[in-house]
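The values are calculated or read from the model by the stated rules, or taken from the named source; none is laboratory data. These numbers were taken from a predicted model, which means no experiment stands behind them. Methodologically, a virtual Cβ is constructed for each residue, glycine included, from the backbone with ideal geometry; neighbour enumeration extends over all protein chains shown. SASA here: full protein model, heavy atoms, side chains in, ligands and nucleic acids out. Shrake-Rupley method; radii C 1.70, N 1.55, O 1.52, S 1.80 Å.
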Amino acid sequence: MPFLTRWNNDFGWGNIDRTFTALDEIRRRMERAFDDVGVERDTDPAGLSTWPPSSLYDAGSELVLRAEVPGVSEKDLDLQVNQDVLTVSGTRPVEVPEGYSAHRRERGAMRFSRSFTLPFRVNAESCGATLKNGVLDVRIAKAPEARPRQITVKAG
Amino acid sequence: MTQGIVRQEEKKPESYRDRSALFSPPVDIYENDQEILLVADVPGVTEDGLSITLEKNELTLHAKRDAREEPGSLLARDHRPGDYFRSFMVPQGIDQEKVEADLREGVLSVHLPKSEGLRPRKIEVKSG
């Protein structure tokens, strides 16, 4: 890369690193401004302890885990249900495209694994998952005894 | 005075006004002889929700999430999912007409081609 930088210097391209570096300061200031008005932001986008960022929903007869897994394809995902623990694991490949040099790399390549203790007993035989636009939805049926039951009120 | 504040408010992205979460997505920036390539993680975004502008030397990404509904009542989450916003200064000499973007698996790639004059040229050496 130093070679490339030198090579391009005459054309002004050598400044790209500096341009982006200068922007970091602007970005930091912007983020501070966001903080001031209470706008949330991802402070640790590649934080492995909480990757993938997820939400858990109760949909009556089933539980839904929604996880953000940008750049992960189906074949790189592994889902396991063991008793009441759901484990989402996989790999996300991030490679410098061939023939390119890297100026900035914030998106980490990673091998991840995150386990969720589910608040209900589940039926591991009946679950499914979909992946769309980098968002994974895992649906797991609750065990029959954990499903909501309709109680009929009889007039006395 | 009041008017000034209102006008400023209007210039902000919609989601900022709504005070819903606005994230700064992680990006990779690559370069080769032909172009600068910017790659950003924007899970939950469809092409309809994307707005990419290059004005002067400032590239701005604003990506809205698709309108998919929450599948049930929320039990727990790491953060409130929100839209994405980030801007960059890019070097001069980008061919604005030819900027292209594609979106796959929640990953956005923006191709910023260099103008002809800025690409390194190969010089043929002729034997005399």
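If you count only protein heavy atoms with a 1.4 Å probe, what accessible area per residue comes out for the stretch B:36-128, rounded to a whole Å²? Walk me through the intermediate numbers first.
On the way: 5410 Å² over 93 residues.
Normalised by residue count, the accessible surface of the stretch B:36-128 is 58 Å².
Given a Förster distance of 30 Å, report the FRET efficiency between A:Ile151 and B:Arg77 from their Cβ-Cβ distance, rounded to the nearest 0.05. Write out the running numbers ahead of the final one.
Values: r = 30 Å, r/R0 = 1.00.
That gives a FRET efficiency of 0.50.
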ask   = Label points 7 Å out from Cα along the Cβ direction at A:Ser115 and B:Gln92: separation in nm?
value = 5.8
note = Over all directions, the stretch A:105-156 yields a Cα convex hull whose mean projected area in nm² is 7.0
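Rounded if a/c is under 1.5, else prolate if a/b is larger than b/c, else oblate: which is the stretch A:49-156, with a ≥ b ≥ c the root eigenvalues of its Cα gyration tensor? Mind showing how you got there, number by number?
Numbers: a/c = 3.53, a/b = 3.05, b/c = 1.16.
Cα axes put the stretch A:49-156 in the prolate bin.
What accessible area, summed over both chains, is buried at the A-B interface (1.4 Å probe, Å², nearest 100)? Write out the running numbers ahead of the final one.
Working: alone 11740 and 10080 Å², together 16860 Å².
For chain A against chain B, roughly 5000 Å² becomes buried.
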